[in-house]
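A.B. asks: I'd like to ask some things about the structure below.
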Amino acid sequence: MCGVLRSSDAGKKAVLMGWVNRRRDLGNLVFIDVRDRTGVTQVVCNKELNPAIHEKASRLRNEYVIAAIGTVKQREPNTINRNIPTGEIELVAEELRILNEAKQPPFLPGDTVLPNEELRLKYRYIDLRRDAMQFNLELRHKVAIAIRSYLSSQGFFEIETPFMTRSTPEGARDYLVPSRVQPGSFYALPQSPQLFKQILMISGCDKYFQIVRCFRDEDLRADRQPEFTQIDLEMSYPQPERVWEVVEGFLSAAFKTAGYEIKTPFPRMSYDEAIRLYGSDKPDMRLPAMNDVREAFTAENFQALAVNPNLPVMAIRIPKVGELSRKERDEIKPLFTGKGNAKLFEDFKRLEKSFPDSAAKIRAKSSAETDDLIVIVAGDDKLAEHPSEGGVKPEVKQHDHAVYTAAGLLRVALAQKYASRHRLFEKTGNASVDFRFLWVTDFPMFEWDEEGKRWAAAHHPFTSPHERDMEKLSGGLDAAEDPNSPLAAVRALAYDVVLNGTELGSGSIRIHRQDIQRKIFHALGMTEDEARARFGFFLEALEYGTPPHGGIALGLDRIVMILAGAESLREVIPFPKTARAVDLMVDAPTPVSEAQLKELGIQIRKARE
Ligand code: ASP
């Protein structure tokens, strides 16, 4: 290979095959850097020693594929290249073959400046020749192997599940595949193997995993791929902690391949606590938690500030930001995305002037140092004049939630803005990256869908509610459309693994009893008939001796991206799609022929019809 020869090989014969990375013509001497995925080696063609080879070498262009046969020679001390591992030797060519010519590529793998991403994706085969991409592909391979062998060592079997199947709800649209033999019928590509892996537990497989492609037709969002890879697993009889232990085990193995030791077990926090302290269900633990500083204010303060005393008053502290200019303070406002009901006090200095006692209490409660930035987010007093009247209504919680999450979003936006200023996100100690993992547990089972005016599954409908919340499920179809139904308070045995503010994966303990699964379908507004039509096979399977079971799925692409230190998922996926779900290299999707459509019994409607 082109990256392996060293001084100790001097005098040996060698054959190198690869691409012409660079050619330098010095008259009598032509130097060729020949490259493969392992590196480059300099090949020398000397006119005096071998005029025929020299002539051939003069014809070489970038990215020609060649074979060079020759003798390894130690370089003169003044020509040693310390920047590359093969820099102490060169290959003196005795034979040179051009295996294939190449057109001038739109960009070169060795270029230091990257072309725009569209060009990179269109000519992905050239782009993948670059060192960085080869590195990412190798890393991805090693990470996958490490995960596979860890899970196999724990008794998991990798079992394939179908790609042509029927819809499994994970909250996105399905990609559909028309059936030719049954015109008018469609397969759905799996959004995840959820039902198959549960059925594998019913089938006695006990521990399943799969590194598997999932397909979700979601609205355009930056850095999402319509097909992506999950590390999907399921096991019988686990407590959540057992699932977490398995995940911590394979993540340790995966991170180790990239040279990182991670600390396990990961800390755990309930969803409610995460919202209360971080205003997010995927808190970035590299930053301090927020504090509810309601008690720092008197009734008069609340009035003067037009702040609602019944709602949280959140103090966000971003360490070591230092003094902010007037202009910089003004830049905070646009970062605040809180809607109507949450209110921002970005000028702590002013607060300090007008309410010195309250400000001092806030500083103390948030353990703020002098150069820390403090920003306050509170509830507008107009908003919730009523919620506390007549006992605690569900909206009170919703208003609380709105203040927490508005503060949480601002906390992250501020940290990102000031990250470079005070190295907030940089390593601590001698680790090269500060990896802060976290388990977030006990998610709400349902989410109110404002558009559909009904409850939707927060994770997916196969997640088990907490035993203690089972009685809240008996509202049937009426509860399904009532935003104030007890469904709001149902907590699930669902958990997410979070790293530095990013969700790496979600899972849950599942429902294994048919009667409860039915109730959940009803709570989601599905009639008995609809439930049977969509999930009859599954409801039936549940009746034949289903062991309690649970599992999780983590995004492989995201893990590799983090380990590679890459900026986008597209950097670690060999053939990714653009944000508009287009493959620029093969040019997909495309229209198909009339004949193909006819065979499938499909007619395309004009866009406006
Ligand atoms: N099927 C779920 C998902 O893809 C993961 C799980 O619950 O295991 O998000």
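Every number in this text was worked out from the coordinates using simple rules, so none of it is lab data. The structure displayed is predicted, hence computed values, not measured ones. Glycine gets a Cβ as well: all are built from the backbone with ideal geometry, and neighbour counts include every protein chain shown.
A.B. asks: When you take every Cα atom in the chain, what is the radius of gyration, and what is Dmax, the widest Cα pair distance, in Å?
C.D. replies: 30.3, 100
A.B. asks: Whole number please: convex hull volume per residue of the Cα set in the range 35-157, in Å³?
C.D. replies: 179
A.B. asks: While we're on this one: Given a cut-off of 14 Å, what percent of all Cα-Cα pairs of the range 69-138 lie beyond it?
C.D. replies: 72
A.B. asks: When the Karplus curve 6.51 cos²θ - 1.76 cosθ + 1.60 is applied with θ = phi - 60°, which whole-Hz ³J(HN,Hα) does each residue of the range 300-306 get, with x for Gly and Pro?
C.D. replies: 5, 4, 4, 5, 4, 8, 6
A.B. asks: On to the next question. Just to verify a number: FRET efficiency for residue 467 and residue 13, C-beta to C-beta distance, R0 = 45 Å, to 0.05?
C.D. replies: Working: r = 73 Å, r/R0 = 1.63.
The formula returns an efficiency of 0.05 here.
A.B. asks: With r defined as the distance between the Cβ atoms of residue 49 and residue 112 and R0 fixed at 41 Å, what FRET efficiency is calculated, to the nearest 0.05?
C.D. replies: The value I calculate is 0.80.
A.B. asks: Still on this model: Using Cβ counts within 10 Å as a stand-in for footprinting exposure, how do 318, 145 rank, fewest first?
C.D. replies: Lowest count first: 145, 318.
A.B. asks: Take residue 413 and residue 365, extend 7 Å from each Cα along the Cα→Cβ direction, and tell me the distance between the two endpoints in nm.
C.D. replies: Output for this residue pair reads 2.3 nm.
A.B. asks: While we're here: Could you sort the peptides 105-111, 341-347, 126-132 by per-residue average Cβ neighbour count (10 Å cutoff), highest mean leading?
C.D. replies: Values: 105-111: 15.1, 341-347: 19.9, 126-132: 17.7.
Per-residue mean Cβ counts within 10 Å order the peptides as 341-347, 126-132, 105-111.
A.B. asks: Report the FRET efficiency, 1/(1 + (r/R0)^6), for residue 449 and residue 37, where r is their Cβ-Cβ distance and R0 is 56 Å, rounded to 0.05.
C.D. replies: Taking R0 as 56 Å, the efficiency between residue 449 and residue 37 is 0.70.
A.B. asks: With both bridge residues required to lie in the range 37-134, what share of the DSSP beta bridges run antiparallel, to the nearest 5%?
C.D. replies: 85
A.B. asks: Classify the range 466-576 as rounded, prolate or oblate, taking a ≥ b ≥ c as the square roots of the eigenvalues of its Cα gyration tensor: rounded when a/c is under 1.5, otherwise prolate if a/b is larger than b/c and oblate if not.
C.D. replies: Prolate, since a/c reaches 1.5 and a/b exceeds b/c.
A.B. asks: Run down the aspartates and glutamates and flag those whose C-alpha is under 13 Å from the C-alpha of residue 47, throwing out any fewer than 8 positions away in its chain.
C.D. replies: 25, 55, 94, 95
A.B. asks: Still on this model: Enumerate by residue number the chymotrypsin sites (Phe, Trp or Tyr not before Pro) in the range 460-562 meeting two conditions: DSSP loop (anything except H, G, I, E, B), and at most 14 other Cβ atoms within 10 Å of the site's Cβ.
C.D. replies: 544
A.B. asks: Mean Kyte-Doolittle of at least -1.0 plus a Cα span of 18 Å or more along the axis: flag which DSSP H helices in the chain meet both, please.
C.D. replies: 131-153, 240-257, 394-422
A.B. asks: Would you list the P(r) distribution for the range 275-355, with all Cα-Cα distances sorted into 5 Å bins from 0 and each bin expressed as a whole %?
C.D. replies: P(r) over the range 275-355, rounded to whole percents: 3, 11, 20, 26, 22, 14, 4, 0.
A.B. asks: Could you compute Rg(Cα) / (2.2 N^0.38 Å) for the range 171-274, with N its residue count?
C.D. replies: 1.38
A.B. asks: Here's something else I'd like to know. Quick one: length gained pulling residue 397 to residue 99 fully straight, 0.36 nm per residue minus the C-alpha distance?
C.D. replies: 100.2 nm
A.B. asks: Given the Cα-Cα distance of residue 532 and residue 286 and 0.36 nm per residue of separation, how much length would full extension add, in nm?
C.D. replies: Roughly 83.9 nm would be gained on extension.
A.B. asks: Counting other beta carbons within 10 Å of each Cβ, put 61, 37 in order, fewest first.
C.D. replies: Fewest-to-most Cβ neighbours within 10 Å comes out as 61, 37.
A.B. asks: Give me the extension gain from residue 477 to residue 331: residue separation times 0.36 nm, minus the current Cα-Cα distance, reported in nm with one decimal.
C.D. replies: 47.8 nm
A.B. asks: Can you list the residues of the range 342-372 with backbone N under 11 Å from a point 7 Å past the Cα of residue 295, pointing along Cα to Cβ?
C.D. replies: Residues 365 qualify, since their backbone N sits under 11 Å from the label point.
A.B. asks: Cα atoms only: what Rg and Dmax, in Å, come out for the range 196-344?
C.D. replies: 22.5, 66
A.B. asks: Output wanted: per-residue J couplings in Hz (rounded whole) for the range 117-127, from phi through Karplus 6.51 cos²θ - 1.76 cosθ + 1.60, θ = phi - 60°, x for Gly and Pro.
C.D. replies: Each residue of the range 117-127 in turn: 5, 4, 5, 4, 6, 5, 9, 4, 5, 6, 4 Hz.
A.B. asks: Which of 325, 236 has the fewest other C-beta atoms within 10 Å, and how do the rest follow up to the most?
C.D. replies: 325, 236
A.B. asks: Straight distance only, please: which lysines reach the Cα of residue 142 with their own Cα at less than 26 Å, same-chain residues fewer than 8 apart left out?
C.D. replies: Result set, ordered by chain and number: 197, 207, 256, 263, 427, 577.
A.B. asks: What spacing in nm lies between the two simple spin-label points modelled at residue 84 and residue 186, each 7 Å away from Cα in the Cβ direction?
C.D. replies: 5.2
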